[in-house]
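Please treat every number below as a calculation from the coordinates, not as lab data. Quick caveat: nothing in here was measured; it's all calculated off a predicted structure. Reconstructed Cβ throughout: ideal geometry from the backbone, glycine too, with neighbour counts over all protein chains shown.
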Amino acid sequence: MDSVSEPVHRRLYAQQILAKAGVADNDRLLAAFAGVARETFVGAPPWFFDDFSGYRPVPSADPVVLYQDVLVGLDTGRGVNNGMPSLHAAALHALGVREGETVVHLGAGAGYYSAIIASLVGPSGRVIAVEYDAALAKRAEAALAGYGNVEVVQGDATGWPQEKADVLYANFALDHPPQAWIEGLAEGGRLLFPFGFPGEKGTRGYGYTAKAGFLLIDRRPAGFGARFLQPVSFVWAEGQQPAPPTRHSALQAAFGTRRALQVRSLRWRTPQNAGGEWYGEDDWGLSFEEP
């Protein structure tokens with residue numbers, strides 16, 4: 001694990017990232033971003049930055065250049081990146097990860113944000129980093145070898161957690177909340193994932209979302225709260241069963257209503273309520289009613 005005495009460029013980076021994310025007064029998150037060496041998780045140079053129109057090589061092998069709010073390619077052939085730091089800073093702030101909690105990082109990639117989460121939960125907490133791609137999981141396992149509170153698992157993240165967890169943080173997009181995610185949340189637990197529908201084949205969005213938002217779900221005694229935080233663009237989930245025939249067109253229509261920010265709760269395994277839903281299926285839906 002990295003030294004508690006961080007280089008100046010990492011401290012400045014952390015301050016800038018949290019400021020851009022609109023996060024104030026979160027010293028633990030600031031320390032977590034400053035305390036993890038990004039170069040450990042993105043591989044050896046040459047590095048490639050993704051500027052949303054394509055990848056461009058970075059004309060430097062100095063790790064200092066990595067400490068910007070940029071996407072760094074992990075697998076450029078598949079469009080898999082080490083994600084935008086300010087986006088993840090805002091997400092982790094919203095999740096409110098506490099010391100001693102169990103966090104499952106779903107779609108952990110090469111493990112950079114898993115390491116930041118490990119700092120947030122501390123030695124009394126636990127991080128399970130789940131990655132579908134075998135090569136990335138192997139990279140994550142090597143990079144996280146010094147983190148005694150992190151376990152790396154290669155497999156389908158939609159089947160986790162396998163025991164109750166306090167926080168689930170997914171870094172790939174889906175068009176539904178998997179059963180394991182909802183039913184695996186402990187009381188007071190929080191789930192954050194990119195929810196939307198995929199782009200069409202033949203566009204730059206292929207393999208990514210066409211439209212999505214960060215959806216935060218929290219488990220309460222009387223049900224599940226739910227709200228959208230912000231629009232996002234994420235890589236689409238791999239290895240999933242085809243969606244029901246009308247789901248994506250219905251989701252496109254739901255996003256078109258511009259009422260996503262009015263969502264307040266998740267209906268789960270109960271009949272549709274009379275208060276109206278932004279989007280719903282037989283056994284789940286996103287409702288405008290408070291839980």
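Starting from a Cα-only point model with no solvent, please compute log10 I(q)/I(0) by Debye for segment 92-220 at q = 0.13, 0.16 1/Å.
Debye output, listed in q order: -0.51, -0.76.
Nothing charged except the Cβ atoms of Lys and Arg (+1) and of Asp and Glu (-1): what's the magnitude of the dipole of segment 8-287 about its Cα centre? Round to the nearest 20 debye. List each step's numbers first, then the result.
Working: 25 positive and 27 negative charges, 122 e Å.
So the magnitude is around 580 debye.
Output wanted: per-residue J couplings in Hz (rounded whole) for segment 149-162, from phi through Karplus 6.51 cos²θ - 1.76 cosθ + 1.60, θ = phi - 60°, x for Gly and Pro.
9, 10, 10, 9, 10, 9, x, 7, 5, 6, x, 10, x, 9
How many percent of all Cα-Cα pairs in segment 1-118 sit more than 16 Å apart?
Working: 4147 of 6903 pairs.
Summing the P(r) tail past 16 Å for segment 1-118 gives 60 percent.
If packing is taken as the average number of other Cβ atoms within 10 Å across a peptide's residues, how do 225-237, 18-30 rank, most packed first? Let's see the in-between values first.
Values: 225-237: 18.5, 18-30: 15.0.
Highest to lowest by the protection proxy: 225-237, 18-30.
Out of all DSSP beta bridges in the chain, what portion is antiparallel? Express it as a percent rounded to 5.
Taking every DSSP beta bridge within the chain, about 65 percent pair in antiparallel fashion.
What 222 nm value per residue comes from the helices of the chain, counting each DSSP H run with n ≥ 4 as -39,500 (n - 2.57) and dividing by all residues, nearest 500 deg cm²/dmol? Before the final figure, lay out the partial values.
Working: 7 runs with 68 residues, N = 291.
Helix-only estimate at 222 nm: -7000 deg cm²/dmol.
For the chain, what is the convex hull (Cα atoms) projected area averaged across all directions, in square nanometres?
The number I arrive at for the chain is 14.9 nm².
Could you compute how fast segment 190-261 diffuses translationally, taking Rh as the Kirkwood radius over C-alpha pairs and applying Stokes-Einstein at 37 °C with viscosity 0.692 mPa s? Give it in µm² per second. Present the calculation step by step, with values, prior to reporting the outcome.
On the way: Rh = 13.3 Å.
Rounded, D is 247 µm²/s.
Given H placed 1.01 Å from N in the peptide plane, which residues other than close sequence neighbours of VAL152 have an amide H under 5 Å from its amide H?
ALA129
Post the alpha-carbon centroid distance, segment 241-268 to segment 1-62, in whole angstrom.
34
If you filter segment 256-288 for trypsin sites (Lys or Arg not before Pro), then keep DSSP loop positions with at most 12 other Cβ within 10 Å, what is left? Let's see the in-between values first.
Numbers: sites: ARG258, ARG259, ARG264, ARG267, ARG269; in loops: ARG258, ARG259, ARG264, ARG269.
Within segment 256-288, the qualifying trypsin sites (Lys or Arg not before Pro) (loop, at most 12 other Cβ atoms within 10 Å) are ARG258, ARG269.
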